[in-house]
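Take a look at the structure set out below.
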Amino acid sequence: MDSKFSGLPDLRTIQPGRLIKYRISDDGFAAELLLPGLTYTDFDQKIGGKMNLWSLAKLFESIRYVVLPNGFCHYNRLKDVGHSIFNAETSYHLSDKGNKLKAQTHWGTNYLMHAHLKVFYAGTSAFSFEIIVREHETGDFLAKALLTFVYVDFKTRRPATFPDWFNKLKENQHFGPPSPRLARPSIPLDAYKFEIQAAFSDIDFNGHVNNSIYIKWCTDAGTEAALKGHYSGFSENIGKYPMDVFEIKYLGEGVVSDVFEILTWQDQENPFVLHFVFTKNEKVSVVVRFQYKSLQFSAKL
């Protein structure tokens, strides 16, 4: 347990009536949640009952949605009439046990999970935090996400400097370096091309394509490329293979009816890595990188 929560009651005993129980540290730079379980729609029988990658992304989205508006990282104060905060980059990391989450054994409200959040970096116009999800009973690590958010001026649509009151709060924190940034790769001439148009169901409350949808589209594009023999070693739905890390970097926004071309290819140096680049009107909009643990479905992880 984070020292900021030591000595406090068990999360299960607080906030009666709430399905997802949470608390935020007094300084606003840490939080923890108790998640009730996973739903049937989180899993896909086509890939052996495993959890979909975009469902994992939605799980982390739900975690931050609970705590950010309630004061985590002072989001509720930073987001005002002239400013907002946008997710610029996220990396998701799965453990061996996280890869083995399946509907047959983990669907339902009896699989409690504990999520811990901590801000580990804050610069002049961006901050980063981690979300670590563990089994509540055993403490076994399942997955984590490293997220970077940028403070943006509504009028200029450009990064803005944090206000003085926030910089003052930062002085009392011990932050580390920012997360390594996902580099924009060079697109090979033989990259596989996949076209997709954003539908109304792909849009979030901000009017943009939801973060998890890009991950879903990558699995669609990658699976088609695999089935058509474009990759070496991947021959089926790419959601079947055990995932190590998947990363996404947002360089532009997508709205309803936008048409994206997804270019995907296998890394020449590491065959466990698949690259995806989204272009809109011939400009790069999103960059994604999938890194797998193995090319065997039943590999001993």
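Filtering region 207-230 to residues that are surrounded by fewer than 12 Cβ atoms within 10 Å (Cβ to Cβ) and either touching a Ser or Thr at 6+ places or on another chain (Cβ under 7 Å) or among the basic types (Lys, Arg) (or both) leaves only Lys228.
Yes/no per residue for (1) touching a residue at least 60 places away in the same chain (Cβ under 8 Å); (2) more than 19 Å from the chain's Cα centre (by Cα):
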{"residue": "Gln15", "(1), (2)": "no, yes"}
{"residue": "Tyr22", "(1), (2)": "no, yes"}
{"residue": "Ala31", "(1), (2)": "yes, no"}
{"residue": "Thr41", "(1), (2)": "no, no"}
{"residue": "Lys46", "(1), (2)": "yes, yes"}
{"residue": "Leu59", "(1), (2)": "yes, no"}
{"residue": "His74", "(1), (2)": "yes, yes"}
{"residue": "Ser95", "(1), (2)": "no, no"}
{"residue": "Lys100", "(1), (2)": "yes, no"}
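The residues listed here are Asp204, Asp267, Asp190, Asp244; of these, the one that is surrounded by 16 or more Cβ atoms within 10 Å (Cβ to Cβ) and over 16 Å from Asn52 (Cβ atoms) is Asp244.
The conditions of being surrounded by fewer than 17 Cβ atoms within 10 Å (Cβ to Cβ) and farther than 22 Å from Lys283 by Cβ are met by Gly233.
Residue-level check: of (1) in contact with a Gly (Cβ under 9 Å, 6 or more places away or on another chain); (2) part of a strand (DSSP E or B); (3) not small (Gly, Ala, Ser), Leu56 misses just (2).
Output yes when any residue across region 170-178 is modelled with pLDDT under 95, touching an Asp or Glu at 6+ places or on another chain (Cβ under 9 Å) and exposed (fewer than 13 other Cβ atoms within 10 Å of the Cβ), and no when none is. Checked against the condition, which is being modelled with pLDDT under 95, touching an Asp or Glu at 6+ places or on another chain (Cβ under 9 Å) and exposed (fewer than 13 other Cβ atoms within 10 Å of the Cβ), region 170-178 yields at least one hit.
Of all residues being outside any loop (DSSP other than H, G, I, E, B) and acidic (Asp, Glu) in region 1-53, which is surrounded by the most Cβ atoms within 10 Å (Cβ to Cβ)? Just the residue, please. Among those that are outside any loop (DSSP other than H, G, I, E, B) and acidic (Asp, Glu), it is Glu32.
Against the condition modelled with pLDDT of 95 or more and assigned to a loop (DSSP other than H, G, I, E, B), how does Gly254 come out, does it pass? When the stated conditions are applied, Gly254 does not pass them. If you go through region 231-240 one residue at a time, do you hit one that is touching a residue at least 60 places away in the same chain (Cβ under 8 Å) and in a strand (DSSP E or B)? No, because not a single residue in region 231-240 is touching a residue at least 60 places away in the same chain (Cβ under 8 Å) and in a strand (DSSP E or B).
Please work out if Asp164 is within 27 Å of Met243 (Cβ to Cβ) and surrounded by fewer than 16 Cβ atoms within 10 Å (Cβ to Cβ). No.
The values are calculated or read from the model by the stated rules, or taken from the named source; none is laboratory data. All figures in this text were calculated on a predicted structure; none of them were measured in a lab. As a convention, Cβ positions derive from the backbone with ideal geometry for all residues, glycine included, and neighbour counts pool all protein chains shown.
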